[in-house]
Amino acid sequence: MSQVILKATGLRKAFGGLMALSDLTFQVREGQIKAIIGPNGAGKTTLFNVITGMFPSTDGQITFDGRAITGLKPYEIAAMGISRTFQTVELFKNMTVLENIMVGRHIRTQCGMLRVGLRLWGVRSEEEEIHRKAMERLAFVGLERKAAESADSLPLGEQKLLETARALATQPHLVLLDEPASGLNRVETETMAQIIYRIRDEGTTVLLVEHDMSLVMKISDEILVLNYGQKIAEGSPEQVKNDQRVIDAYLGEELDYA
């Protein structure tokens, strides 16, 4: 069995009197595609924000690759190997498609601002490497031919792919995808599913939040179900879709997903 890459223990997050996450304990194993599902307001995106350091936890601990990351800054967590996308696409829309990916490479660069400003030895070769790696990520999601186009000119499906490619540009060990199929049609959703498989096959673990149950049931190795900030179920797609607590809280009825 693969080793645990991410572990949350007794995780709590309160906003005033509202408990968004309550005593949440779960783990993600290396090489998994693990989905988090639940009704709106269940705490799914809050969990992503706590994992990535955007929100401090109220209590509990998160470890990544055996190291505590609770309390670290977002850039420190990103440098350790966790990247993410957002529920609402967050791109640098005044930049080109390629420039958006190159921005994602900055935490893997070695040359400081002084060396860049003075054009010292090593800067040009590093710029060439950044460009090469960025183009590789664009090719990975099928956008290499649109490298010179403005990011805001892309349709939603391609913007989602671009944001995914930018997250991958950081060379993460774990990528968090927040509703990657939201707003996509059936063909675009199938493309995203294939990209997620390829991310996993490259050796990057995937944790995703998603409402498209057909996609979730198709690609997930495990599913974590939240309701009112609490875990109500965790297990294989087959176990989750037949869990009465999940049916009552979220699915509404037992369904047979293809």
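Quick notes on this structure:
- Considering ALA193, ALA151, the condition of being outside the structural domain of ALA35 (by TED's automatic domain parsing) and out of contact with any His (no Cβ under 9 Å at 6 or more places or on another chain) is satisfied by ALA151 alone.
- Residues (buried (at least 19 other Cβ atoms within 10 Å of the Cβ) and more than 20 Å from ARG12 (Cβ to Cβ)) located in segment 59-80: ALA78
- Among the conditions (1) within 20 Å of the chain's Cα centre (by Cα); (2) buried (at least 17 other Cβ atoms within 10 Å of the Cβ); (3) assigned by TED's automatic domain parsing to the domain that holds ALA20, the only one that ALA165 does not satisfy is (3).
One line per residue, one yes/no per condition, for (1) assigned to a loop (DSSP other than H, G, I, E, B); (2) closer than 27 Å to ILE247 by Cβ; (3) without any contact (Cβ under 8 Å) to a residue 40 or more places away in the chain; (4) not acidic (Asp, Glu):
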position: THR9; (1), (2), (3), (4): no, no, no, yes
position: ASP23; (1), (2), (3), (4): no, yes, no, no
position: THR45; (1), (2), (3), (4): no, yes, no, yes
position: GLY71; (1), (2), (3), (4): yes, no, yes, yes
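- Selected residue (criterion: modelled with the highest pLDDT) from residues of segment 230-248 that are hydrophobic (A, V, I, L, M, F, W, C) and surrounded by fewer than 19 Cβ atoms within 10 Å (Cβ to Cβ): ILE232
- If the condition is being in contact (Cβ under 8 Å) with a residue 60 or more places away in the chain and under 16 Å from the mean Cα position of the chain (by Cα), then segment 203-220 contributes GLY203, THR205, VAL206, LEU207, LEU208, VAL209, GLU210, HIS211, VAL216, ILE219, SER220.
- Of all the listed residues (GLY53, GLY60, GLY43), the sole one being touching a Gly at 6+ places or on another chain (Cβ under 6 Å) and farther than 14 Å from TYR228 by Cβ is GLY60.
The values are calculated or read from the model by the stated rules, or taken from the named source; none is laboratory data. All figures in this text were calculated on a predicted structure; none of them were measured in a lab. Counting neighbours? That spans all protein chains shown, and the Cβs are built from the backbone with ideal geometry, glycine included.
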